[in-house]
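First comes the structure, then the notes that go with it.
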Amino acid sequence: MRTFLIALALLVVLALVPADLTGLGLPYPGLKRYGTYILTLWLVTAIAAMGVNLIVGYAGQETLAQAAFVGIGAYLTAIAGKHGVPFGISFAASGLLTFVIGIALGFPALRVQKHYLAFVTLAFSVLCWLVFRNETAITGGVMGLRDIERPILFGLKLRNAQTFYWFVLAITAVMTFVLWWIVQSPWGRAFTALRENPLRAESLGVDVRLYTLLAFALGCAYGGMAGSLYAPLVEFIDPSPFALGPSLLFMLMVVIGGSGTFAGPFVGAGVAVLLPEWLRAWETWYLLIYAALVMIMMALFPGGIVGLARVSVRKRQP
Amino acid sequence: MTDLLQLLIAGLATGAIYALAAIGFTLLWQTSQTINFAQGEFVMVPAFFALIAMKLGIPYVAALVVAILMSMLLLGAAFRYAVVGPLLNRGVLPLVISTIALGIILKESVKDIYSAEAQVFPTLLPDRNVTLLPGVTISLAQIGVLVVALITIGGLQWFLAGTRTGRQMQATAQNPTVARILGVPVERMILYTFLINAGLAAMASILVSPIYLAKFSNGETLGLIAFVAAIVGGFNQVRGAIAGGLLVGVLDNLAAAYVSTAYRQAIPLILLVLVILFRPQGLLGRKEERAV
């Protein structure tokens, strides 16, 4: 009950962040268009990062293709939108398609050694990027697809940055709840058992491979659905944000936030989205600084920011 | 037919370079369970050591030696102690993340410190065509690449199988605990593996840079090909990595000639997927107990 109230309070605060409160007599002018855009981008990134967290933090696998799955969702939604398909359908289709691809990739890879999934996703990531870039007739190639329409919800246009933010926030809240429910369910507890002691989990009748496979596919689906929101958010897509580099950054962001913790992906996505804004002045040095921070963090606090926060809270109350 | 023969020889030459990168990758994995996601960058960087040395006025051959030594110092010893060392007992994920981050650091430093442009890199032998058989001409540079790579691989095989240290390294790779009981200095053997990996990466760098030019972003493709070669050949085998490297090199060259250049990069990846589907232990690999 307490968790539920905290979550509700957080949701209300998040909903109010971009809003202009001066009309209510409060001295808070809200965020400008660009600020709202960054906030929406944070939510979309966090959805994809939640998927990575499920794969990395709970199922103990490695995925190097999350950006490619985001790309599949984004291209599917953009192309379907141009043919007049409603957003709801493309959103569901993005999730379903990436789920199925996840099963198809994960099934053979998980038969073998632990790291094979990393290599299969690595290969898949590059293959997707080649298709995005080369199939000019469908994807627009390096020129990309422009003028992607924002969805219309029950006749309500979501063209406005703030309305669209609320729309994305609502979807994020639902998806977060679903993931929380999965992690808390017996199904999700099996994951924790798996991570803590795979041998014991297996001896207790947990089908390790099936659970890992489903976790991977579900994580991919979160990527696909994030992509489905990403396309109407940025309104223009080209292959570069779906290349191998961004996929690697997804891994880094989840671990920086704290893999295997529920808040980790949100913190990590926040760092990944906001840091480039703050380090604007550093320009090309930004990635270098970021990667160096990640390495130092891995050596000193492998639990990520959330893990670090937990340790410091525990220290304060002995 | 003669076209095919030329393509095959060119393929073997690039394949031998890929094999160098794949062998180091496999060795690291065997002895210290380190999956080096920065392996591609390890092959990209040494060429820039050589370029910097040449800028400082060091002659070509000496610059290559400097590049190999710098690579062994920084990408071998420093990598072992500063990056892998603190993470060895922390499980796999922190190490994976750290090598990914290291790859980004190496790539970005070359771009920011040296140049974002592709750099011309001199060849070992002049790029002159010689006629082998009537109608079959190959560039001397390619023969040079093939010979040097094969000598390096042969030397390594001799070292691993024919010397005491080499056999101790193999023992460490197969079973560190037993090796330690039998008096093998396991720590030192692991360091040697890191040094050898860096040396092989530097050799690959010197050989590949004249062909593809030296560029900060080369690591992505090279790393991917090294992974593919290692897995296709058999992850737990040095000779698997050699076979995998040669196969990928030949396929890559054939694909560039007969398949569209746009999808040339896709061929090794499709090979990887096929191998994982139908022969997951690799072409030359032994079946291993499945990791839980």
Is it the case that the stretch B:48-57 has a residue that's in contact with a strand residue (DSSP E or B) (Cβ under 7 Å, 6 or more places away or on another chain) and either more than 8 Å from chain A (Cβ to nearest Cβ) or among the basic types (Lys, Arg) (or both)?
yes
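Can B:Glu108 be described as at pLDDT below 95, within 23 Å of B:Phe216 (Cβ to Cβ) and within 13 Å of chain A (Cβ to nearest Cβ)?
On the way: at pLDDT below 95: yes; within 23 Å of B:Phe216 (Cβ to Cβ): yes; within 13 Å of chain A (Cβ to nearest Cβ): yes.
Considered against the rule, which asks whether it is at pLDDT below 95, within 23 Å of B:Phe216 (Cβ to Cβ) and within 13 Å of chain A (Cβ to nearest Cβ), B:Glu108 comes out as yes.
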Enumeration of residues in the stretch B:109-127 that are of a type outside the set (Val, Ile, Thr), free of Cβ contacts under 8 Å to residues at least 24 places away in the same chain and not in a loop (DSSP other than H, G, I, E, B):
B:Ser109, B:Asp112
Within the set of pairs 6 or more residues apart or between chains, which connect a residue that is away from chain A (no Cβ under 14 Å) and surrounded by fewer than 24 Cβ atoms within 10 Å (Cβ to Cβ) inside the stretch B:198-225 to a residue that is among the β-branched types (Val, Ile, Thr) and part of a loop (DSSP other than H, G, I, E, B) with Cβ atoms less than 9 Å apart?
B:Pro210/B:Val120; B:Pro210/B:Thr123; B:Ile211/B:Thr123; B:Leu213/B:Val120
Meets criteria (within 19 Å of B:Asn218 (Cβ to Cβ) and either in contact (Cβ under 8 Å) with a residue 24 or more places away in the chain or within 15 Å of the chain's Cα centre (by Cα) (or both)) for B:Met44
yes
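Condition check ((1) more than 15 Å from B:Gly199 (Cβ to Cβ); (2) crowded, with 24+ Cβ neighbours inside 10 Å; (3) among the hydrophobic types (A, V, I, L, M, F, W, C)) across all residues:
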{"position": "B:Ile17", "(1), (2), (3)": "no, yes, yes"}
{"position": "B:Glu41", "(1), (2), (3)": "yes, yes, no"}
{"position": "B:Ala47", "(1), (2), (3)": "no, yes, yes"}
{"position": "B:Pro59", "(1), (2), (3)": "yes, no, no"}
Being assigned to a helix (DSSP H, G or I), touching a residue at least 40 places away in the same chain (Cβ under 8 Å), closer than 30 Å to A:Lys114 by Cβ and not hydrophobic (A, V, I, L, M, F, W, C) is the requirement here; does A:Tyr211 meet it?
yes
If we keep just the residues of the stretch A:8-29 that are of a type outside the set (Ser, Thr, Tyr) and touching a helix residue (DSSP H, G or I) at 6+ places or on another chain (Cβ under 8 Å), which is surrounded by the most Cβ atoms within 10 Å (Cβ to Cβ)?
A:Pro18
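For B:Gly245, state whether it is surrounded by 16 or more Cβ atoms within 10 Å (Cβ to Cβ), within 16 Å of the chain's Cα centre (by Cα) and in a helix (DSSP H, G or I).
Criteria met by B:Gly245.
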B:Gln168 passes all but one of the listed conditions (1) touching a residue at least 24 places away in the same chain (Cβ under 8 Å); (2) in a helix (DSSP H, G or I); the exception is number (1)
Please count how many residues of the stretch A:214-240 are within 14 Å of chain B (Cβ to nearest Cβ) and without any contact (Cβ under 8 Å) to a residue 12 or more places away in the chain.
1
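Can you name every residue in the stretch A:106-132 that is of a type outside the set (A, V, I, L, M, F, W, C) and at the interface with another protein chain (Cβ under 7 Å from one of its Cβ atoms)?
Correct list: A:Pro108, A:Arg111, A:Gln113, A:Lys114, A:His115, A:Tyr116.
Can you list the helices (runs of 4 or more DSSP H) found entirely within the stretch A:241-304 that contain at least 1 residues being surrounded by fewer than 23 Cβ atoms within 10 Å (Cβ to Cβ) and away from chain B (no Cβ under 13 Å)?
Details: elements: A:244-257, A:264-278, A:285-300.
In the stretch A:241-304, A:264-278 are the helices (runs of 4 or more DSSP H) which contain 1 or more residues that are surrounded by fewer than 23 Cβ atoms within 10 Å (Cβ to Cβ) and away from chain B (no Cβ under 13 Å).
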Which residues, counting only those in the stretch A:174-208, are of a type in the set (Val, Ile, Thr) and outside any helix (DSSP H, G or I)?
A:Val206
With the requirement that a residue be under 30 Å from A:Lys32 (Cα atoms) and small (Gly, Ala, Ser), what does the stretch A:117-175 give you?
A:Gly144, A:Gly155, A:Ala161, A:Ala170, A:Ala173
Residues of the stretch B:69-93 classified as of a type outside the set (D, E, K, R) and surrounded by fewer than 20 Cβ atoms within 10 Å (Cβ to Cβ), total
13
Close pairs from the stretch A:99-127: first touching a residue at least 40 places away in the same chain (Cβ under 8 Å), partner polar (S, T, N, Q) and assigned to a helix (DSSP H, G or I), Cβ under 6 Å, at least 6 apart:
A:Leu110/A:Thr212; A:Ser125/A:Ser247
Determine which single condition A:Val206 fails, assuming it passes every other condition in (1) in contact (Cβ under 8 Å) with a residue 40 or more places away in the chain; (2) within 14 Å of chain B (Cβ to nearest Cβ).
(1)
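Please list, ordered by residue number, the helices (runs of 4 or more DSSP H) wholly in the stretch A:1-105 having 2 or more residues that are within 14 Å of chain B (Cβ to nearest Cβ). It would help to see each step written out before you state the result.
Details: elements: A:2-16, A:33-53, A:66-82.
Correct list: A:33-53, A:66-82.
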Of (1) in contact (Cβ under 8 Å) with a residue 40 or more places away in the chain; (2) within 14 Å of another protein chain (Cβ to nearest Cβ); (3) of a type in the set (Val, Ile, Thr), B:Ile242 satisfies all except one. Which?
(2)
Taking the conditions exactly as written (of a type in the set (Ser, Thr, Tyr) and modelled with pLDDT under 90), does A:Thr22 satisfy them or not?
yes
Just one of B:Phe42, B:Phe121 is more than 13 Å from chain A (Cβ to nearest Cβ), within 23 Å of B:Val228 (Cα to Cα) and of a type outside the set (Asp, Glu); which is it?
B:Phe42
When the stretch B:253-277 is checked residue by residue, the ones that are surrounded by fewer than 24 Cβ atoms within 10 Å (Cβ to Cβ), within 14 Å of chain A (Cβ to nearest Cβ) and not aliphatic (A, V, I, L, M) are B:Ser260, B:Thr261, B:Tyr263, B:Arg264, B:Gln265
Check B:Ala149, B:Ala116, B:Ala179 and return the single one that is hydrophobic (A, V, I, L, M, F, W, C), at pLDDT below 90 and farther than 30 Å from A:Leu287 by Cβ.
B:Ala179
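The values are calculated or read from the model by the stated rules, or taken from the named source; none is laboratory data. Just so it is clear, the structure is predicted and the values come from calculations on it, not from any experiment. Every residue, glycine among them, receives a Cβ derived from its backbone with ideal geometry; neighbour counts consider all protein chains shown.
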